[in-house]
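Report on one structure; see the data block that follows.
Laboratory data are not the source of any read-out in this text; all were calculated from the coordinates shown. Since we're looking at a predicted model, the values are computed, not measured. Here the Cβ positions follow ideal geometry from the backbone for every residue, glycine too, while neighbour counts run over all protein chains shown.
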């Protein structure tokens, strides 16, 4: 038996060594995804529908845990504890229901005059002494024990004790409302052996040595989600502390604490974390917590990281810049603002993976950032399992870990969607949005939904971007283009560029996006055209007084989530069954004539729309025979400005610009 255990320990130690060495081949986000998607989170389905009814708001958890004997062979997993829960009643309340895993926890008593409790089926029901009304605040103290069981949330091994809880493992080591939407303050007191260092959330209020017992007292005045509450400790843990000076007050600083195992060198992270903190603070908001730090664990945490609030866990020896960049980004996206439900996981992992790429922009410029994003896109395109980034059902039914933390969807596609939002908005509006999102007092230290972020985009830009979220977040897959183009010699030195934008995917929606077309000319010059491709089979054309020789669709690959081709064809081969001429006169202050030509009989519709996409005339709908046609539009009652007239004929849609003057 001892030989088997020794061999098992050697095997896991080898995995840890290989993991640390292979960081040069994998991104931090990939290691994070591997760790979380493979985690054993529960023996039972994590089902909110079968969970407790939530009719209160937890304000604070005050935990006391006695871990003293967990650090001595045979390293038992049981401990004595208490949890005082302060909560505010949201509605009429005569009982409280909490998540408390029956396999892991035994409830001894509940202290509140006249109460009783029932603990079964992973639910702790506390029957109150009276009916409480909305707004009342009460404190319930629960005395409980963690059993000597392996539950994959509370870990004990050879002098190391730590917790690891995402998505819903906190219920295995303390009774709580174990959903990310209800964040609370934390006061944690832990008794350990005198030679143990223990880190947790928030700041270290004090540590008291009495004989061979050391008592740590950690306080988080910033709300923390239950899955981000952590204890990390070890006999003879190494600890290095450096300080980051605040941008708002350089005379003030916060400690950055690094816990590490013997034989490890945390320098690759300690050397860059102050600069990383500054970069994130400049582009998001200033570092929001009173301390931060990282801690390497043991082979029970074989790879990746976990972004516990102000104390990130890393696999042994994993002092890697890429992993640190990803996990540290979570302190803003995931910890300071937490996903409201697991259907909103994009706000955690998609944002952190994008920020990992954005960290490359700090030292390598935009090209380094874009190279990383392109790699994320390739990962997704080669391994896409075919589901959406967010499924509304996940808000009630927590999916399996390999779905929730899927590398290609949650991480890689998630990062690329945020990049595409940057492309759509432009840098100024994009970073203004990120800062406004982080600074919003209704979200900061609380939870947010994807809808909340969508609303923030709309608020900053003054436009409705629901279409972007609907297609990229809530629909699966991506566009597949089959574009065609040609150059027409109009004689007298004039040339016409015809472009036909077409998407052919059948397993998802049409993707509306601004597209860029680069046209190169015989004289060595080129021009970049940007136009909104808001309908399928959209025909576009431009006229130039010099000869075009090359057309490139999305030349900088800004729409990174796409497949397909753009090929040159003759005018007859492109399938253009419709031609639309420029209106005459243009500009106009009164009547203007629109001419078009049809190759076959078909129904047509002509709209005049403003730049917000709203129609300013009653659309003209007719059935027309093949041939040339003209229609007159009265613009005399329309305000001056730039408008788009749109011809829809069969499957073809053509837009042209019209200017009205007064």
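Worth a mention:
- Cβ-to-Cβ counts within 10 Å put 598, 124, 429, 209 in ascending order as 209, 429, 598, 124, the fewest first.
- Between residue 118 and residue 589, the modelled label-to-label distance comes to 8.2 nm, taking each label 7 Å out from Cα in the direction of the beta carbon.
- Ranked packing of 622-631, 286-295, 448-457, most packed first, by mean Cβ within 10 Å: 286-295, 448-457, 622-631
- The base-10 log of I(q)/I(0) for region 133-198, evaluated at q = 0.22, 0.25 Å⁻¹, reads -1.23, -1.41 [Debye formula, identical scatterers on Cα atoms, solvent excluded].
- Length gained when the stretch residue 73-residue 138 is fully extended (0.36 nm per residue, less Cα-Cα span): 19.4 nm
- Shape summary of region 504-653, radius of gyration then Dmax from alpha carbon positions: 17.1, 46 Å.
- The ranking of 358, 174, 468 from fewest to most other beta carbons within 10 Å of each one's beta carbon is 468, 358, 174.
- Pairs of Cα atoms farther than 24 Å apart, region 147-294, %: 40
- Where only C-alpha atoms are counted, convex hull volume of region 480-561 per residue in Å³: 81
- Between 0 and 90 degrees, the angle of helix 28-38 with respect to the longest Cα principal axis of the chain falls at about 60 degrees.
- By DSSP, the beta bridges lying fully in the chain are antiparallel in about 85 percent of cases.
- Kirkwood-type radius of the chain, with distances r between different C-alpha atoms, in Å: 28.0
- Alpha-carbon centroids, region 210-233 and region 640-662: separation in whole Å: 63
- For 146, 360, 69, the sequence from fewest to most other C-beta atoms within 10 Å is 69, 360, 146.
- Region 44-236: radius of gyration and largest Cα-Cα distance (Dmax), Å: 16.3, 50
- Degrees separating the helix 351-383 axis from the principal Cα axis of the chain, which is the longest one: 80
- With N counted as the residues of region 283-432, its alpha-carbon radius of gyration over 2.2 N^0.38 Å works out to 1.04.
- Alpha-carbon centroid distance for the pair region 413-464 / region 376-409, whole angstrom: 21
- Across region 352-460, the volume of the C-alpha convex hull divided among the residues equals 121 Å³ per residue.
- Computed over the chain, the per-residue total of -39500 (n - 2.57) for DSSP H runs of n ≥ 4 gives a 222 nm mean residue ellipticity of -6500 deg cm²/dmol, rounded to 500.
- Relative to the dominant Cα principal axis of the chain, helix 2-21 is inclined by about 40°.
- Computed from label points 7 Å out along Cα-Cβ, the spacing between residue 489 and residue 275 is 5.7 nm.
- Potential lengthening of the chain between residue 581 and residue 402 amounts to 59.1 nm, from the contour at 0.36 nm per residue minus the alpha-carbon distance.
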